[in-house]
Ligand SMILES: NC(=O)c1ccc[n+]([C@@H]2O[C@H](COP(=O)([O-])OP(=O)(O)OC[C@H]3O[C@@H](n4cnc5c(N)ncnc54)[C@H](O)[C@@H]3O)[C@@H](O)[C@H]2O)c1
């Protein structure tokens, strides 16, 4: 049956940042598809609440773990706890990331490095720890939360956009070396409603309205718009897909090359 190919029955998937908007929705959708999901977040209470909600809604076993992804010892604890509870790791979703408005010339070395560690290096470290376990599983994969700002000039987010740009090339390198056992892909995410987090990053409601109006689909994304793309990339339907950037952005990157007087 066509839909069976999206099933994640017998998959064990770690999702980082699962206490947040996109990570939470992704954990939910993967569990609906049959996976046992490990929800990891710096906010342990948010991860636990989401895990309880998912187990209640789907009947799937979950595990919630408080993890600071910038701490390598805690990443090892996350891997160990997953193996202790479920015995294997079939897929990893490196979803943690954060950035905010920064003036182009207003960023210090320390700020730039912190952004790089959070958005890029942390997922390198967790992937490295998971790789020996992933290699044992059929159709294993690692999928990363990239960003539109990492593939277009984004001077307003210089530290964050640099880190997300580096992520894309890092994932391509991982894909080149990890096949055929483990597939590695990035989802290039456009503007998605994550409640207060985007407002904290320097936007206001009027800016978000103008942003949505500029998208081909005339709205910002919802977290599940991204979660379904994760479901696809983890599933057997994507078993020949590695090293790609899957853009899910409501057409946010498209601008007509022949502007009319309305543009
Ligand atoms: N929402 C968007 O518009 C958008 C656009 C492009 C890319 N993205 C990317 O998607 C991913 C998820 O974003 P979101 O919108 O769901 O954000 P969110 O703020 O709702 O969730 C992020 C989660 O990461 C957790 N986190 C932060 N620092 C951490 C750390 N050191 N260790 C562990 N967990 C930590 C937070 O507690 C939070 O629960 C990020 O990588 C983000 O850069 C989001």
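The values are calculated or read from the model by the stated rules, or taken from the named source; none is laboratory data. Quantities reported herein were computed from a predicted structural model and do not represent experimental measurements. With ideal geometry, Cβ positions are generated from the backbone for all residues, glycine too; neighbour counts draw on all protein chains shown.
Tabulated values for the structure
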{"quantity": "All positions within the stretch 233-256 that are closer than 16 Å to residue 142 by Cβ and within 18 Å of the chain's Cα centre (by Cα)", "calculated": "233, 234, 235, 238, 241, 242, 243, 244, 245, 246"}
{"quantity": "Residue list for the stretch 15-25, filter: near the ligand (Cβ under 9 Å from one of its atoms), at negative phi and crowded, with 24+ Cβ neighbours inside 10 Å", "calculated": "16, 18, 19, 20, 22, 23, 24"}
{"quantity": "Residues within the stretch 212-226 that are closer than 22 Å to residue 167 by Cβ and either away from the ligand (no atom under 12 Å from the Cβ) or in a helix (DSSP H, G or I) (or both), tallied", "calculated": "3"}
{"quantity": "Selection count where residues are surrounded by fewer than 18 Cβ atoms within 10 Å (Cβ to Cβ) and at pLDDT 95 or above, scope the stretch 152-167", "calculated": "1"}
{"quantity": "Single condition residue 158 does not satisfy, out of (1) within 14 Å of residue 112 (Cα to Cα); (2) within 15 Å of the chain's Cα centre (by Cα)", "calculated": "(2)"}
{"quantity": "Test: residue in the stretch 71-79 that is near the ligand (Cβ under 10 Å from one of its atoms) and in a loop (DSSP other than H, G, I, E, B)", "calculated": "yes"}
{"quantity": "Residues satisfying the stated conditions in the stretch 191-200, i.e. surrounded by 11 or more Cβ atoms within 10 Å (Cβ to Cβ), in contact (Cβ under 8 Å) with a residue 40 or more places away in the chain and out of contact with any strand residue (DSSP E or B) (no Cβ under 8 Å at 6 or more places or on another chain)", "calculated": "194, 197, 200"}
{"quantity": "Residue satisfying condition, being crowded, with 22+ Cβ neighbours inside 10 Å and either touching a strand residue (DSSP E or B) at 6+ places or on another chain (Cβ under 8 Å) or farther than 25 Å from residue 9 by Cα (or both), within set 99, 87", "calculated": "99"}
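Yes/no matrix, rows are residues, columns are (1) within 16 Å of residue 92 (Cα to Cα); (2) more than 16 Å from the chain's Cα centre (by Cα); (3) outside any helix (DSSP H, G or I):
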{"residue": "3", "(1), (2), (3)": "no, yes, no"}
{"residue": "9", "(1), (2), (3)": "yes, yes, yes"}
{"residue": "14", "(1), (2), (3)": "yes, no, yes"}
{"residue": "23", "(1), (2), (3)": "yes, no, no"}
{"residue": "26", "(1), (2), (3)": "yes, no, no"}
{"residue": "30", "(1), (2), (3)": "yes, no, no"}
{"residue": "39", "(1), (2), (3)": "yes, no, yes"}
{"residue": "51", "(1), (2), (3)": "no, yes, no"}
{"residue": "56", "(1), (2), (3)": "no, yes, no"}
